[in-house]
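Chemist: Pasting a structure here, questions to come.
The values are calculated or read from the model by the stated rules, or taken from the named source; none is laboratory data. None of the values given here were measured: they were computed from a predicted structure. When we count neighbours, we look across all protein chains shown, and the Cβ atoms used for this are built from the backbone with ideal geometry, even at glycine.
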Amino acid sequence: MENQLPAVLCPYCHQPAQLVSSKEVYRRDYGPIYLCRPCEAWVGCHDGTFRPLGRLANAELREWKMKAHAAFDPIWEGLCNAEVRRVGPYSGLKHIIRNEAYRRLAERLGIKVGECHIGEFDVETCRRVVDICKQGLEVPLDHLRSKRGRRLLLPDQERR
Ligand SMILES: [Zn+2]
């Protein structure tokens, strides 16, 4: 029988990673992970699938990805909170603002927004994310607002 699982290679030793339970590296089972034991590198899967979330990360890269998220996430979360205070919560708000923040981050990194996933960054790119966010990542939202200036435009409203 043919193996339907994607061949996932460890980026450090270039050997195939093993699909195992996340209980092997965490106390709880968060679903399957791809693990390379010699490198102590792993990556989780997209919910309910065996598709890896990105590249396998070793301890150093895991730490830098956490630092990148810790620097970047409060920026868009803060914008969401400010928007909720301004006009109240509405559906799609978080999605729109987060997308816009990723778009600006991709611009600053000089990469395509479709490639702007912290989970797939290497240590060097994570370092740059931390630097950019510390310097201050500008995420202007005015061009997303409707003429009445009350709400951000939802994707299906942009055509009006
Ligand atoms: Zn390895």
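Chemist: With surrounded by 13 or more Cβ atoms within 10 Å (Cβ to Cβ) and either in contact with a Pro (Cβ under 7 Å, 6 or more places away or on another chain) or assigned by TED's automatic domain parsing to the domain that holds E138 (or both) as the only criterion, which of R86, R104 stands out?
Modeler: Result of the check over R86, R104: R104.
Chemist: I would also like to ask the following. Looking at (1) over 17 Å from the mean Cα position of the chain (by Cα); (2) away from the ligand (no atom under 16 Å from the Cβ), find the lone condition where I118 falls short.
Modeler: Result: I118 fails condition (1) only.
Chemist: Residues P16, P38, P11: which one is within 16 Å of the ligand (Cβ to nearest atom), closer than 17 Å to G119 by Cα and not hydroxyl-bearing (S, T, Y)?
Modeler: P11
Chemist: If V84 satisfies every condition in (1) free of Cβ contacts under 8 Å to residues at least 60 places away in the same chain; (2) farther than 29 Å from L141 by Cβ but one, which is the exception?
Modeler: Failed condition: (2).
Chemist: If you check R27, R62, which single one turns out to be within 16 Å of the ligand (Cβ to nearest atom) and either within 30 Å of P140 (Cα to Cα) or not in a strand (DSSP E or B) (or both)?
Modeler: Going through R27, R62 in turn, just one is within 16 Å of the ligand (Cβ to nearest atom) and either within 30 Å of P140 (Cα to Cα) or not in a strand (DSSP E or B) (or both): R62.
Conditions tested, residue by residue: (1) at pLDDT 95 or above; (2) surrounded by 13 or more Cβ atoms within 10 Å (Cβ to Cβ); (3) assigned by TED's automatic domain parsing to the domain that holds A17.
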{"site": "H69", "(1), (2), (3)": "yes, yes, no"}
{"site": "K94", "(1), (2), (3)": "no, yes, no"}
{"site": "L109", "(1), (2), (3)": "yes, yes, no"}
{"site": "G119", "(1), (2), (3)": "no, yes, no"}
{"site": "T125", "(1), (2), (3)": "yes, yes, no"}
{"site": "E138", "(1), (2), (3)": "no, no, no"}
